[in-house]
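Visitor: Mind having a look at this structure? Questions to follow.
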């Protein structure tokens, strides 16, 4: 079955903008390689939330030029395994692409937009508060850091009474085998 | 409705929190005419907006969901506190406890005079502060009511456990508490032979079990062995009051998305079903009026349309009985403001001079660790169990008692996780202490590392019994005002050596527990440089025998100095305490003002000591008791 | 992800004999061995409607009978699946609203025709909640029979006894009084309380009775997981219907209000009853009610989280977007044009106390309801299309006054992360039944599956998305 498009569904509060063919697929691919979460989880076959499209649109709106460079870096890593794809993006494509890549990772993990220009100071400086904007309430409920912890976002549980008394499902049930598929 | 329809009520209640709601419901059920004045907005209709506000809050602090909003985004994108002088119903925020904010008139609602920052907050909204309680519904232990008689410290209450016991049962039914009485009969707590809690206990978490498994190898503390005890909670384990069972949203503080956790809007709804009960929102009591006969003759109030606007209307209501249920800072504030044209210069109900005095909290000592094996935190209610064994014992002669709350929410309270650790391993910071190498990870390395730390994080909170002290008080700020022109509360706050020595014992206990668990402790303790530069940090020096060394004296050889950071538990108590005489207390054992027969002061402000359990159940029990007294008055 | 049966479009609708079950006068069955129980509880039927979504809906297609499962074919995109679910919902709506006289209580049979004159529907003969859960935990009357009417209603008109003033019922009659109605009553423009019903079909009734889930003791002894019977197609048109729950919202038609013309509603003549509770005396009076909202919830094998369809009267309320713009003058059942937000706060619960014996609601209050839940384009396009098609096919009947709002269904029923099966649309609300909890905030605003996913038995064990079981005594 071919991966269906989600059309203009915008449940996370951002209307979709037109994107060049393949941008969404590639955005999901690079997101999977960077975050370590399967592309099929980030964008399921029946994508009820439209998160990937919303995050692509947000990234394009905030950093359109660098986004193109990020996509180009991803495309240049054709044929590599996901960990190497991540390396190409984060270490071999320049600082602007690397910082934007990290903002994209933070989008997926925390449903929050961090200005890429503010991230380098975190590496070298003392602990500091970096302002961020939570994309939307509904995006928060789909943030991925909790899945990486085999749990649910605080304030958003779909599970039944008493679940906490038992072990959670394994990590693979949440994020897949991880890392995305080879391009 | 904006104006009262009856000029004369049986009872007027100031405050629609748990105490006000319970009393209104009891009186309404008996056909009494009751008017509730609530300073804030209607909390029942706003749940969806509250959740939306919570989801998008940068700092998910207890007050984050509630109205009126007390943070606004500035140009840099920080959601920082709004200026309290612009707010008609300002209230404290945990965001104004830093060195740069706690004494800033444009940031801190409370005029904090120190030396330490009073760190607990409260709400002014329909349903009150309990909108964001955790749900913990513990009874006090019998010795909590008589520490002076038994240990020679603090004060005795004018009441004891046995006479409060039936009211505890009534409160447990009103709230809907889940527990098993067999698990809760420790340290002298007793139940009637056939007593059953309304609902079965909440299942324990995997974190609880990890702690429990290790406790057998923890040496007794002050002679007392430790055990894990299921925590009674106002949280549904079966359908109750037409509310759903807990789904483990792990969000009790600040807001349960599905109202599986009780909050007073439930009782408020019940109360308003009685024909005689009505409520005015956005109605701030501004003065308690006293007549020439010395009885309370009315309550003056201001109303506002815009929470950031001025008063738009004013009025007065009269009743046969008056109940002030505005929580432990706003209640003394109101009474102190009530000057009656100079006839009550020290405020109403304050002949004793004790109004506003003995402000107390349960200051929390927080410690945190990574477990040896996964304990799968961030699941279930925020806390399902604790260690209650150290709430009472001989040691109370020398140092503060505490209960230990086992946290199910990883390092959320401790370091602001999972946000902090995520930022650490993606952007290379070390806010969590877990990334000293300043690594930046991706792909499987990132998920493996994040999965490891998140599934091994947990924390313990030690709730300290702070003593009632003369240097902890609520008065009125001479200069800071709110938008209605009313003086904001002024706070002085400090800890006695007795309280501070409790922190010393807590630290040792925590470390012992982590050692027995094979866990790696990550608690960050402040240093000498932080004292005086962080209003939530204090120092304690003690000699080789463990006795505190008085401040300002030279410590003897072998003395140790430790530094601690504390957090507020949200347990504000003591500021209009009950007692046996009119000279050393504000209300009598029935919560009636010594000075005005027709005035009752209810809520946690009546506590002579903060005791060792969370205050809600006890204040609810006392409120139900007060309802009976008021009904007897009304005949 | 192939989970739906691909069925070629049938050339004609077979006219099959109706499957009648002799329900009346039979005592509640004793516990039987599992297999025989299954056959008895969810019997095989031979006339499942298996029609795939057509290009044009004719009268014959519209009245083709009850589907046992949802029919769809590839490609399986969100948009095409939503179309399939919504078509299924309309077929179900028509089949269950076929006239009950002469039709099987199962409702499967193709009726072939819908009479121009309004008549009681098939689902109105199903088992009402108050004839299912007894105040003393005793077994309910046989399927199709009701408990005796309250004494106060005996000489008052005829027909159903309507007592629920919220879709969450007051804990019935004999229990602790004073339990308020948390969802809030809906007050129409004449100050009358809307009235509600919950009914279950035969397989659901049989499952509850066979497993004694109608009582606390029965639920305590039931050790398996509650799993209501499922609809499925086995081959051809042979299959099983599965459990269906109906929730209906009715408006009291006021004879003095020309907008309450019975011709615009599916109508019921009933006895409007308010039970006694603290400080309130009971009342019962005859009335004519118009249907304003209908939930149809159907459990199928491929949607174990159930399919949640909801319909509304076309005159109910405007959308939020409509109220923000210039509105052409027209009548709404639960919204008054020209009333300011201050005087008629939108979607605000009525002020307490809620007392249905005080009719009309004091001080002239009426609910001002606006549709605030917004739906994704896949859902609005599909609902709009099917509403237009079915209205054309059913021209001349009262059913052109009803529209599908949406169908919520699980896109990933086996998701480990989301036991609710990743519902789509994310949120859903009927403005007559979730009036005050509409909105667009996940976990807080109305979503059929997110809320019902929390449903349990009286002792806190999962109850397969049904809040009925927690009502047991």
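The values are calculated or read from the model by the stated rules, or taken from the named source; none is laboratory data. Every value quoted in this text rests on a predicted model; they were computed, and no experiment measured them. Every residue, glycine as well, gets a Cβ built from its backbone with ideal geometry; the counts of neighbours run over all protein chains shown.
Visitor: From the set of residues in region C:358-382 that are more than 10 Å from every other protein chain (Cβ to nearest Cβ) and touching a helix residue (DSSP H, G or I) at 6+ places or on another chain (Cβ under 6 Å), which is surrounded by the most Cβ atoms within 10 Å (Cβ to Cβ)?
Guide: Applying the filter and picking the extreme gives C:382.
Visitor: Considering each of A:125, A:155 in turn, give the residue that is more than 7 Å from every other protein chain (Cβ to nearest Cβ) and either touching a helix residue (DSSP H, G or I) at 6+ places or on another chain (Cβ under 8 Å) or free of Cβ contacts under 8 Å to residues at least 12 places away in the same chain (or both). Give the steps one after another, and end with the answer.
Guide: Values: A:155 fails: more than 7 Å from every other protein chain (Cβ to nearest Cβ).
Answer to the selection: A:125.
Visitor: Can you work out which of the residues in region A:168-181 that are at the interface with chain B (Cβ under 7 Å from one of its Cβ atoms) and either free of Cβ contacts under 8 Å to residues at least 24 places away in the same chain or not in a loop (DSSP other than H, G, I, E, B) (or both) is surrounded by the fewest Cβ atoms within 10 Å (Cβ to Cβ)?
Guide: Residues of region A:168-181 at the interface with chain B (Cβ under 7 Å from one of its Cβ atoms): A:168, A:171, A:175, A:178-179.
Next, only the ones that are either free of Cβ contacts under 8 Å to residues at least 24 places away in the same chain or not in a loop (DSSP other than H, G, I, E, B) (or both) stay: A:168, A:171, A:175.
Details: A:168: 21, A:171: 18, A:175: 25.
This residue is A:171.
Visitor: Given the residues B:81, B:92, which is the only one that is over 19 Å from residue B:607 (Cβ atoms) and modelled with pLDDT under 95? Let's see the steps before the verdict.
Guide: On the way: B:92 fails: modelled with pLDDT under 95.
Matching residue, one of B:81, B:92: B:81.
Visitor: Looking at region B:436-463 only, could you name the residues that are more than 8 Å from chain A (Cβ to nearest Cβ), touching a residue at least 12 places away in the same chain (Cβ under 8 Å) and in a loop (DSSP other than H, G, I, E, B)?
Guide: Selection gives B:439, B:441.
Visitor: Looking only at region B:328-380, count every residue that is more than 30 Å from residue B:504 (Cα to Cα) and either without any contact (Cβ under 8 Å) to a residue 60 or more places away in the chain or more than 14 Å from chain A (Cβ to nearest Cβ) (or both) and tell me the total.
Guide: Adding up the residues that qualify gives 26.
Visitor: For region C:404-418, give me each residue that is within 10 Å of another protein chain (Cβ to nearest Cβ) and farther than 27 Å from residue C:93 by Cα.
Guide: Selection gives C:415, C:416, C:417, C:418.
Visitor: Please tell me if residue C:333 is within 21 Å of residue C:191 (Cβ to Cβ), in contact with a strand residue (DSSP E or B) (Cβ under 8 Å, 6 or more places away or on another chain) and either crowded, with 17+ Cβ neighbours inside 10 Å or at pLDDT 95 or above (or both).
Guide: The answer is yes for residue C:333.
Visitor: Still on this structure, please answer the following. Scan (1) closer than 30 Å to residue C:414 by Cα; (2) surrounded by fewer than 18 Cβ atoms within 10 Å (Cβ to Cβ); (3) facing chain B (nearest Cβ under 10 Å) for the single condition residue A:112 breaks and write down its number.
Guide: (2)
Visitor: I've got another one for you. Got a sec? Which of C:412, C:440, C:420 is surrounded by fewer than 24 Cβ atoms within 10 Å (Cβ to Cβ) and touching a helix residue (DSSP H, G or I) at 6+ places or on another chain (Cβ under 7 Å)?
Guide: Values: C:412 fails: touching a helix residue (DSSP H, G or I) at 6+ places or on another chain (Cβ under 7 Å); C:440 fails: touching a helix residue (DSSP H, G or I) at 6+ places or on another chain (Cβ under 7 Å).
It is C:420.
Visitor: Moving on. Return a yes/no flag: does region A:65-78 have any residue that is under 24 Å from residue A:175 (Cβ atoms), within 14 Å of chain C (Cβ to nearest Cβ) and either at pLDDT 95 or above or out of contact with any strand residue (DSSP E or B) (no Cβ under 9 Å at 6 or more places or on another chain) (or both).
Guide: Within region A:65-78, not a single residue is under 24 Å from residue A:175 (Cβ atoms), within 14 Å of chain C (Cβ to nearest Cβ) and either at pLDDT 95 or above or out of contact with any strand residue (DSSP E or B) (no Cβ under 9 Å at 6 or more places or on another chain) (or both).
Visitor: Is it fair to say residue B:403 is buried (at least 19 other Cβ atoms within 10 Å of the Cβ) and in contact (Cβ under 8 Å) with a residue 12 or more places away in the chain? Before the answer, list the steps.
Guide: Values: buried (at least 19 other Cβ atoms within 10 Å of the Cβ): yes; in contact (Cβ under 8 Å) with a residue 12 or more places away in the chain: yes.
In short, yes.
Visitor: Give the residue, chosen from B:607, B:564, B:600, that is touching a helix residue (DSSP H, G or I) at 6+ places or on another chain (Cβ under 6 Å), at pLDDT 95 or above and more than 29 Å from residue B:523 (Cβ to Cβ). Working first, answer last.
Guide: Working: B:607 fails: touching a helix residue (DSSP H, G or I) at 6+ places or on another chain (Cβ under 6 Å); B:564 fails: more than 29 Å from residue B:523 (Cβ to Cβ).
Just a single option satisfies the conditions, and that option is B:600.
Visitor: Would you kindly identify the strands (runs of 3 or more DSSP E) lying entirely within region B:203-309 that contain at least 3 residues that are surrounded by fewer than 20 Cβ atoms within 10 Å (Cβ to Cβ), over 27 Å from the mean Cα position of the chain (by Cα) and away from every other protein chain (no Cβ under 14 Å)?
Guide: On the way: elements: B:277-280, B:283-290, B:296-304.
Qualifying strands (runs of 3 or more DSSP E): B:296-304.
Visitor: Give the residues of region B:43-68 that are touching a residue at least 24 places away in the same chain (Cβ under 8 Å) and at the interface with chain A (Cβ under 9 Å from one of its Cβ atoms), sorted by residue number.
Guide: Our first condition is that a residue be touching a residue at least 24 places away in the same chain (Cβ under 8 Å); within region B:43-68, this holds for B:43-44, B:47, B:50-51, B:54, B:59-68.
Result: B:51, B:54, B:60.
Visitor: Please tell me if residue C:463 is buried (at least 22 other Cβ atoms within 10 Å of the Cβ), more than 10 Å from chain B (Cβ to nearest Cβ), within 20 Å of the chain's Cα centre (by Cα) and modelled with pLDDT of 95 or more. Can you show your working first?
Guide: Details: buried (at least 22 other Cβ atoms within 10 Å of the Cβ): yes; more than 10 Å from chain B (Cβ to nearest Cβ): no; within 20 Å of the chain's Cα centre (by Cα): yes; modelled with pLDDT of 95 or more: yes.
For residue C:463, the condition - buried (at least 22 other Cβ atoms within 10 Å of the Cβ), more than 10 Å from chain B (Cβ to nearest Cβ), within 20 Å of the chain's Cα centre (by Cα) and modelled with pLDDT of 95 or more - is not met.
Visitor: Please verify whether region C:386-403 includes one or more residues that are part of a strand (DSSP E or B), more than 10 Å from chain A (Cβ to nearest Cβ) and in contact (Cβ under 8 Å) with a residue 60 or more places away in the chain.
Guide: Here is the first cut: in region C:386-403, the ones part of a strand (DSSP E or B) are C:402-403.
Narrowing the set further to residues that are more than 10 Å from chain A (Cβ to nearest Cβ) leaves C:402-403.
Add one more test, that the residue is in contact (Cβ under 8 Å) with a residue 60 or more places away in the chain, and what stays is C:402-403.
Scanning region C:386-403, I find at least one residue that is part of a strand (DSSP E or B), more than 10 Å from chain A (Cβ to nearest Cβ) and in contact (Cβ under 8 Å) with a residue 60 or more places away in the chain, so the answer is yes.
Visitor: Another question, if that's okay. Taking the conditions exactly as written (touching a strand residue (DSSP E or B) at 6+ places or on another chain (Cβ under 9 Å) and assigned to a loop (DSSP other than H, G, I, E, B)), does residue B:354 satisfy them or not? Walk me through it before giving the result.
Guide: Values: touching a strand residue (DSSP E or B) at 6+ places or on another chain (Cβ under 9 Å): no; assigned to a loop (DSSP other than H, G, I, E, B): yes.
Against the criterion (touching a strand residue (DSSP E or B) at 6+ places or on another chain (Cβ under 9 Å) and assigned to a loop (DSSP other than H, G, I, E, B)), residue B:354 does not qualify.
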